[in-house]
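All remarks here apply to the structure that follows.
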Amino acid sequence: MSPENEFSEETFPALLNYCFQYREVFISYENFGRTLEKFADMGTQDVCYEGLKSLYSNHRDKPSTWFYIISNFGNIKEEGIRRNILGLLSNYTNNPHVFWHTSNMKYYQKKEDQVNISQLMAEYFRVKELKLTLPYMKDGINRGSFSFLVFLVIDLIKDVHILLKKISFEEGLEHDERNFWFWLYMHLAKYKSVDETLKTIDQYLAAFPFGYKDEAILGVKESIENGQLLPVG
């Protein structure tokens, strides 16, 4: 083994300097361009995923990174890549299960990044993109699970309750799927307007009477009527 490759206290400063030199290469704008080319190759799963990993690892402080990731979410065909994007976005939500303290506060996301992501979500996460999140929540939203993280992500969209209401009244949905979308609507809309939510519940049940057989919907309806705005999960 070459003495230059020895790992020891004496050689560690040289190794550290070597790593920092590569870091500068990875965060450069030249690398940013190559990374975007890879991420844009949505027909090749491994290449696209490599691009996504590099965008987050090396360029997540750039507002444009989140523009490319969020605006292209609906165009990505690979389920695993969509899942990873939702996981990355969840890092910028206000997760009540993360305990921030002096030791980990340095990792807390910057407010300007959260605002930028929320604005991009409001512009580029519409009905099509919302429907792509269904597979991660359809079996129920449980605290501490990935489904709850996805719920926090869609809650970043300021008008998500309006989009959920639109989906709930669409034609051609299966009963269970329709009831789930409306249940989700109820949970998010009640914080906007209790009166409007209760009015919409009456409209929904009149249009889709099978909703009366869904205990989850009736349970949320009852809690809202009783002034109990219970959280999801």
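When Ile70, Ile76, Ile81 are screened for being open to solvent by less than 10 Å² (accessible area, probe 1.4 Å) and within 15 Å of Leu156 (Cα to Cα), only Ile70 passes.
Of everything in the range 86-106 that is aliphatic (A, V, I, L, M) and surrounded by 15 or more Cβ atoms within 10 Å (Cβ to Cβ), the residue that is nearest to Lys131 (Cα to Cα) is Leu86. Elements of the type helices (runs of 4 or more DSSP H) sitting completely within the range 103-175 and holding at least 1 residues that are of a type in the set (Lys, Arg) and out of contact with any helix residue (DSSP H, G or I) (no Cβ under 9 Å at 6 or more places or on another chain): these cover 111-124. Among residues of the range 72-91 that are assigned to a helix (DSSP H, G or I), those with a beta-carbon under 8 Å from a residue that is among the polar types (S, T, N, Q) at least six positions away or on a different chain give the pairs Gly80/Gln45; Ile81/Gln45; Leu86/Thr133.
Candidates in the range 112-148 are the residues that are surrounded by 15 or more Cβ atoms within 10 Å (Cβ to Cβ) and of a type in the set (D, E, K, R); of these, the one that is farthest from Ser64 (Cα to Cα) is Lys131.
Of the listed requirements (1) within 15 Å of the chain's Cα centre (by Cα); (2) more than 22 Å from Glu37 (Cβ to Cβ); (3) not aliphatic (A, V, I, L, M), Tyr68 misses just one: (2). The residue of the range 189-228 that is nearest to Lys166 (Cα to Cα), among those that are in a loop (DSSP other than H, G, I, E, B) and open to solvent by 10 Å² or more (accessible area, probe 1.4 Å), is Phe208.
The values are calculated or read from the model by the stated rules, or taken from the named source; none is laboratory data. Just so it is clear, the model here is predicted, and its values are computed rather than measured. Virtual Cβ from ideal backbone geometry, glycine too; neighbours counted across all protein chains shown. In case anyone asks, the SASA skips ligands and DNA or RNA and just uses the protein heavy atoms, side chains included. Shrake-Rupley method; radii C 1.70, N 1.55, O 1.52, S 1.80 Å.
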